[in-house]
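Scroll down for the structure; my scribbles are underneath it.
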Amino acid sequence: MTVMVPSRTPALITPGRQALDSALHQLDQAAEHLRLDAGLRTMLATPRRSLTVSVPVRREDGHMDVVQGFRVQHNVSRGPAKGGLRFHPSTDIHEVTALAMWMTWKCALVGIPYGGAKGGVAVDPTELTQRELERVTRRYVNEILPMIGPEKDIPAPDVGTDEQTMAWIMDTYSVNTGYSVPGVVTGKPLTLGGSLGRTGSTSRGVQIAAMCALGRSPEGVTVAVQGFGKVGAPAAQYLSDAGCTVVAVSDATGAVYAPGGLDIADLRAWAAESGGVSGYRHADALDHAELFELDVDVLVPAALEGAITAENAPRIRARLIVEGANGPTTPEADEILAAGGTIVVPDILANAGGVIVSYLEWVQNMQAYSWSGGEVELKLRELMEGAYAEVRSLATARDLTLRQAAHVIGVGRVAEAHQMRGLYP
Ligand code: NAD
């Protein structure tokens, strides 16, 4: 039996710890602006529930591995906890806590009645067979079973998971409950109660946010996208369909660049067939780092946290950054970008399209009813544009960055909910 546990080096600052430090820094800034008292600040900085589990998994050759899994409910003052499930080898409790905290502010910012949660399993899904993935998913769900439920905590896809993962979660939960409970997860296949418009909803929201921030016709607007997965690839597609010229994209396999514009549909077909964008013959190869330095109008980070740091921020030439990923920009990089006049549409606003349509899926499940794709798209657009206008207006009125304004609104609403509910007992 092999036991896979994270490094025990106490001094090691993991990417997850850095993400949590960023999230806490952003909370601190907002709390300062809102003049929240110390007790409330501590409450907002502390997750409500955190669970670490060991997930034993039988591999195809018969041996057993044990991987770590996590579920964190950061805050439930405004409704059930909501947040994605990530399968990634370097995920840890700090990263999952940071992602759960961002979910809390995001849901409050766009005005949907959820708190924030996140889950993670420290595995590389590309190294597992489908059957191994199914076993990991089902065992992980079984371990966190008391925490989740349609009125308690509702997982959704994130890095390394997809609608098949959600179907396994729904099935495992339903079998344990004794009847079908579609509302326990969102981002499900349509046939199990998924919503029209959920696939691609995060990316549609990124495109809407980008258009709001551009404030002009997309004709002639050049774009580079880091990450070509569930968020990055459709975002590149929607931006291209809207009239922008997507000149570069990257994924874990490499980066490609075509100054005249990439044919995104063709590139997606290539990536699906060959396992990544690398080697695409209608574009030049680029280093990962070079993508960030291109002279483009819009940069969309849509991979992982900590992509834009104090090291590469000074070389970024994009006028606008629209954060498809969660936590792609460190606080130090934020300061450099703000000083240089780069506008950053922050993650908790720019990528909120996914949780908005997840909410719409859950509402449909709870009513055993379904809406048309057009109705879903209309509601998504309304909530995204409304949230953008609110953030923009507060940022202008109080001389804040869009990130600071978004956090002031999100944190402020959660703080208000705590104050109205009072402290039990
Ligand atoms: P995914 O697993 O579908 O895709 C991730 C992509 O990033 C892949 O193309 C991968 O190859 C690429 N990548 C990884 N390392 C890279 C690197 N160093 N350089 C360039 N590309 C790299 O994940 P996703 O669901 O698209 O999530 C991406 C980000 O968006 C995450 O931060 C996630 O939390 C956030 N997000 C996702 C959703 C959603 O609905 N899936 C919603 C909101 C936010």
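Structural remarks
- Förster-model FRET efficiency, 60 Å R0, ARG281 and ASP37, C-beta, rounded to 0.05: 0.50
- For the stretch 134-243, GluC sites (Glu not before Pro) meeting the loop criterion (DSSP other than H, G, I, E, B) and having at most 13 other Cβ atoms within 10 Å: GLU151, GLU219.
- Stokes-Einstein translational diffusion, the stretch 88-224 - Kirkwood Rh over all Cα pairs, 0.692 mPa s, 37 °C, in µm²/s: 196 µm²/s
- Full-stretch length increase - GLU335, ASP21 - with 0.36 nm per residue and alpha-carbon distance subtracted: 111.5 nm
- Among the trypsin sites (Lys or Arg not before Pro) in the stretch 262-358, those placed in a DSSP loop whose Cβ has at most 15 other Cβ atoms within 10 Å are ARG281, ARG317.
- Kirkwood hydrodynamic radius of the stretch 1-140, from inverse mean 1/r over distinct Cα pairs, in Å: 16.2 Å
- Based on C-alpha pairs under 8 angstrom that are at least 6 apart in sequence, the chain has a relative contact order of 16 percent.
- For the residue pairs LYS118/LYS230; LYS118/LYS379; LYS82/LYS118; LYS82/LYS188, the C-alpha atoms sit more than 19 angstrom apart in LYS118/LYS379.
- Rough spin-label spacing in nm, given labels placed 7 Å along Cα→Cβ, for ILE13 and GLN419: 3.4 nm
- Pairs of alpha carbons in the stretch 304-416 separated by more than 23 Å make up 38% of all such pairs.
- Derived value for the chain: Kirkwood hydrodynamic radius 21.7 Å. Basis is the mean of 1/r over every pair of different alpha-carbon atoms.
- Segment LEU145..SER180, full-extension length gain: 11.1 nm, with 0.36 nm per residue of separation and the alpha-carbon distance subtracted.
- Per-pair calculated FRET efficiency, R0 = 41 Å: LYS152 and GLU311 via Cβ, rounded to 0.05: 0.50
- Taking 0.36 nm per residue of sequence separation and removing the Cα-Cα distance, the ARG59/HIS288 pair yields an extension gain of 79.1 nm.
- Placing R0 at 45 angstrom, the Cβ-Cβ distance between ASP399 and ALA252 gives a FRET efficiency of 0.70 after rounding to 0.05.
FYI, it's all coordinate maths here, none of it is from the lab. A quick note: this is a predicted structure, and the numbers were derived from the prediction, not measured. All Cβ positions, even for glycine, are placed from backbone atoms using ideal geometry, and neighbour counts span all protein chains on display.
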